[in-house]
Amino acid sequence: MRHTRFVVVKMRELLKTALFAVLGVIIVVGLITFFLRMGDGESAGLYRDGTYEAELPLGQGTASVSVEIKDGRIADVTVTDEAETVSVMYPMVEDAAEEVAQQVVQNQSVENITVADTHTYSAQAVLDAVSACLEDAAK
């Protein structure tokens, strides 16, 4: 003959177990959302939105480098010269600026930028100005 067994569960133990289970679920959900957001922050949102400018010294004059940030990402890089001496006196700067601008927007960084050998010094000057803009834009 079988004897009926009664399981006695103390209310205090039941509450403790339920509390720890709920806390465990909250911690797991919190960690998951934290790491998912952290992954998004690596590719986007590194910079404050706006347009940032820096001077590009060219011999006796200067040109202006502007970096536009939208949604925390580099949207556009432009080199402007109000006196139009860049295209006349420094044509390689204009070509280097186009190469650099395209790669900076694509890479979202001034790292790993490659340019033609004829544009090395001009590209470095543009990159220095872009870096100054990005330092101002950094969060």
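The values are calculated or read from the model by the stated rules, or taken from the named source; none is laboratory data. Since this is a predicted model, take the numbers as computed values, not measurements. Cβ coordinates were reconstructed from backbone atoms using ideal geometry, including for glycine residues, and neighbour counts include every protein chain displayed.
Evaluate the following for V79: is it assigned to a strand (DSSP E or B), in contact (Cβ under 8 Å) with a residue 40 or more places away in the chain and not charged (D, E, K, R)? Taking the combined requirement at face value, the residue satisfies it.
Considering only residues that are modelled with pLDDT of 90 or more and in contact with a Phe, Trp or Tyr (Cβ under 9 Å, 6 or more places away or on another chain), look in the range 109-134 and name the one that is farthest from A63 (Cα to Cα). Filtering the range 109-134 for residues that are modelled with pLDDT of 90 or more and in contact with a Phe, Trp or Tyr (Cβ under 9 Å, 6 or more places away or on another chain), the one farthest from A63 (Cα to Cα) comes out as L134.
Specify the residue that is surrounded by the most Cβ atoms within 10 Å (Cβ to Cβ); the eligible residues are those in the range 110-129 that are within 17 Å of the chain's Cα centre (by Cα) and in contact (Cβ under 8 Å) with a residue 12 or more places away in the chain. Within the range 110-129, the match that is surrounded by the most Cβ atoms within 10 Å (Cβ to Cβ) is L127.
Per-residue answers, yes or no, for (1) of a type outside the set (G, A, S); (2) within 21 Å of A125 (Cβ to Cβ):
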site: Y47; (1), (2): yes, no
site: Y52; (1), (2): yes, yes
site: L56; (1), (2): yes, yes
site: V65; (1), (2): yes, yes
site: D71; (1), (2): yes, no
site: T78; (1), (2): yes, yes
site: M89; (1), (2): yes, yes
site: A96; (1), (2): no, yes
site: V104; (1), (2): yes, yes
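Residues of the range 104-113 that are assigned to a helix (DSSP H, G or I) and touching a helix residue (DSSP H, G or I) at 6+ places or on another chain (Cβ under 9 Å): V104 alone. Across the range 114-136, the qualifying residues are those that are part of a helix (DSSP H, G or I) and polar (S, T, N, Q), and the one among them that is farthest from Q103 (Cα to Cα) is T118.
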